[in-house]
Amino acid sequence: VMDVNTKKAGATVQNTMYGLFFEDINYAADGGLYGELVKNRSFEFPQSFMGWQTFGNVELKADGPFERCPHYVVLSDPQHVERRTGLVNEGYFGIGVEKGEEYRFTVWAKAPKGSGRITVQLINPATMGEHQDFASVRLDVKSAEWQKYEVRLKANQTNNKAQLRIFLDGRNTVCLEHVSLFPVNTFKGRDNGMRRDLAQALADVHPGVFRFPGGCIVEGTDLATRYQWKNTIGPVENRPINGNRWQHTFTHRFFPDYYQSYGLGFFEYFQLSEDIGAEPLPVLNVGMSCQFQNRNNAKWHVPVNELKPYIDDCLDLIEFANGDTTTTWGRKRAEMGHPAPFNLKIIGVGNEQWDTLYFERLAPFVKAIKAKHPDIMIVGTSGPDSEGKMFEIGWKAMKELKADLVDEHFYRNEEWFLKSGLRYDNYDRKGPKVFAGEYACHGKGKKWNHYEASIYEAAFMTDMERNADVVWMTAYAPLFAHVEGWQWRPDLIWYDNTRIFKSVSYYVQQMYAMNRGTNVLPMTMDGKFIAGREGQDGLFASSVVDKNDGTVIVKVINTSKTEQPVTINLNGLTGATTAATITLSHNGPDDENTLDQPEKITPKNGTVSLTAGKKASVIQDKLAPLSFRLY
Ligand code: AHR
């Protein structure tokens, strides 16, 4: 028997409570969320033709119109009527196109003789028919000077392994740079936009906060490849590419051509945060490269007295996000099309670092940021451990440094999630707030998105919710994974080039985020919080009220393998006779959604009858084994 005191609204549940964490891992940006379909569009990868096949008379040059991306190709007469000059782009595991959709091909081009022509095609390399191309258009290059050209291609088939073929039409030489192909229908219809289905999936969570761009890629494999936000703004043609720390991983999945185009850069991240209604939370490098390769080795880090450019990056970013259009960086934002500030409130400095190497570097950042922007909240980190000595040292240092929030990460197994239902009860209420910024249940020996793991996450989240006075932000991780390009699993959302499926964990996150309420309500079983402890039948529960309309929301998770009867006294709520429910249930604990069965497991709406008493309305219900029900 559970008791909710519906009249005792407690701690505020922050708007940021349930958020998302985006990192370019598993081909989440290029090849994923970012709408660009051409790989190595500027020929800037270390091997210039990675992603391309050339034929005929193709030359690479490096004195193009964009100083930071100087390479381009020259297509010249193949010198034979039966030969062709041109190139084919393979995309990211192919190019995904959908029947009836239009694609916007753009290119910077010049024809030294003043005119030239190319043909641009979408091809199906696997076709058994005579024609590989299924969309084809001619493009006339009309000048000896560099100009941007655009044509559209309409796909008459859905194909997630298509390719882009370009060949010289006629004899006149044509030079091509920044060869790009986007769906016309990106999310919000933006030219440099996001893949619609993936971005919509983010919006549909109703996230409160959006953390970007990582993760380990913030630090880079080494300092040279750390994420540098200033390289990611301005015209996309002139953004230099960067290596990706996730080219290789501990799992030995190796993708030699995994680079960051930076087409999805900080302007786009801020804009996306706005589009999906989430507070932006950028994370910047603290002068340290990735902790997992360079653990506690000073030579991989910037000396403390040389941190100024790194600190300036933070201060300039705040100006980029919030400065008015007369400021240096605010003007750049306006020039990119967003004169209004992005209203940045929180910034992360460092990701998952620990020990004094981190603490002594973070200190001058905090000092400089707080001196200039006292209202900006700073997120520090407790390192990768969710408990133990290093974790305690990390928290102690964050308190001393007066970080506003501490980012904790935990990728743990089922047992850990089940035993941690009271984790936040004992946290210091006077110290920094918690950002549970990366977590996921990694099933023992399984490590993928099976149903059971998601239910344990749901159970653990009751603890976060109940402790909303100290837990201010949370996010599952990682967010995205391409089925052919993943390095890390489980992940929240999976996709190939044309299809998507949402994991059960996604629905757990969504159920919480869409039913966040405004204030915590006390909820007990025999006078104790319901956190799966002995005598509580594997049940976890929490409840909130939405003060805007008085709605009481109760979340109950049955982590046991047997059905559980539950009685919930909604004390103080009189007269209610029915309650809407949303339920996540299953056919087997290893069940999961897939590309072929994307909606095998989804939350189901229902209702239950209540007994309306004079002092309380009472829910009497039965919860299926391993299920999550929200009233
Ligand atoms: O989410 C994957 C990685 O896990 C992140 O990049 C890092 O912060 C953590 O180690």
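Here are the numbers:
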| quantity | calculated |
| --- | --- |
| Failed criterion for residue 531 (all others in (1) farther than 17 Å from residue 583 by Cβ; (2) assigned by TED's automatic domain parsing to the domain that holds residue 454; (3) among the small types (Gly, Ala, Ser) hold) | (2) |
| Any hit, segment 204-220, residues being surrounded by fewer than 23 Cβ atoms within 10 Å (Cβ to Cβ), within 17 Å of the chain's Cα centre (by Cα) and basic (Lys, Arg) | no |
| Checking residue 388 against (1) crowded, with 16+ Cβ neighbours inside 10 Å; (2) out of contact with any helix residue (DSSP H, G or I) (no Cβ under 9 Å at 6 or more places or on another chain), the condition it does not meet | (1) |
| Only one of 497, 558 that is surrounded by 23 or more Cβ atoms within 10 Å (Cβ to Cβ) and closer than 22 Å to residue 443 by Cβ | 558 |
| Out of 220, 215, sole residue that is farther than 28 Å from residue 70 by Cβ and within 16 Å of the ligand (Cβ to nearest atom) | 215 |
| Test: residue in segment 23-32 that is hydroxyl-bearing (Ser, Thr, Tyr), closer than 28 Å to residue 466 by Cβ and assigned to a loop (DSSP other than H, G, I, E, B) | no |
| Extreme residue, modelled with the lowest pLDDT, among residues of segment 223-241 that are within 15 Å of the ligand (Cβ to nearest atom) and either out of contact with any strand residue (DSSP E or B) (no Cβ under 6 Å at 6 or more places or on another chain) or not in a helix (DSSP H, G or I) (or both) | 226 |
| Filter pass, residue 509 being assigned by TED's automatic domain parsing to the domain that holds residue 25, polar (S, T, N, Q) and at pLDDT below 95 | no |
| Test: residue 191 is away from the ligand (no atom under 16 Å from the Cβ), part of a loop (DSSP other than H, G, I, E, B), in the same structural domain as residue 290 (by TED's automatic domain parsing) and not basic (Lys, Arg) | yes |
| Test for residue 159: is it within 15 Å of residue 497 (Cβ to Cβ) and either at pLDDT 95 or above or among the basic types (Lys, Arg) (or both) | yes |
| Residues of segment 377-397 classified as part of a helix (DSSP H, G or I) and more than 16 Å from the ligand (Cβ to nearest atom), total | 6 |
| Hits in segment 459-486 (condition: surrounded by 24 or more Cβ atoms within 10 Å (Cβ to Cβ) and not aliphatic (A, V, I, L, M)) | 460, 462, 465, 466, 472, 474, 476, 478, 480 |
| Failed item in (1) in contact with a Ser or Thr (Cβ under 6 Å, 6 or more places away or on another chain); (2) within 21 Å of residue 35 (Cβ to Cβ); (3) among the aromatic types (Phe, Trp, Tyr), with residue 103 passing the rest | (1) |
| Test: residue in segment 348-365 that is crowded, with 21+ Cβ neighbours inside 10 Å and either without any contact (Cβ under 8 Å) to a residue 24 or more places away in the chain or among the hydroxyl-bearing types (Ser, Thr, Tyr) (or both) | yes |
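Table: residues versus (1) more than 24 Å from the chain's Cα centre (by Cα); (2) over 17 Å from residue 273 (Cβ atoms).
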| position | (1), (2) |
| --- | --- |
| 322 | no, no |
| 327 | yes, yes |
| 334 | yes, yes |
| 354 | no, yes |
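The values are calculated or read from the model by the stated rules, or taken from the named source; none is laboratory data. Worth saying up front: this structure is predicted, and the values here are computed from it rather than measured. Quick reminder, even Gly has a Cβ in these numbers, built from the backbone with ideal geometry, and neighbours come from all protein chains shown.
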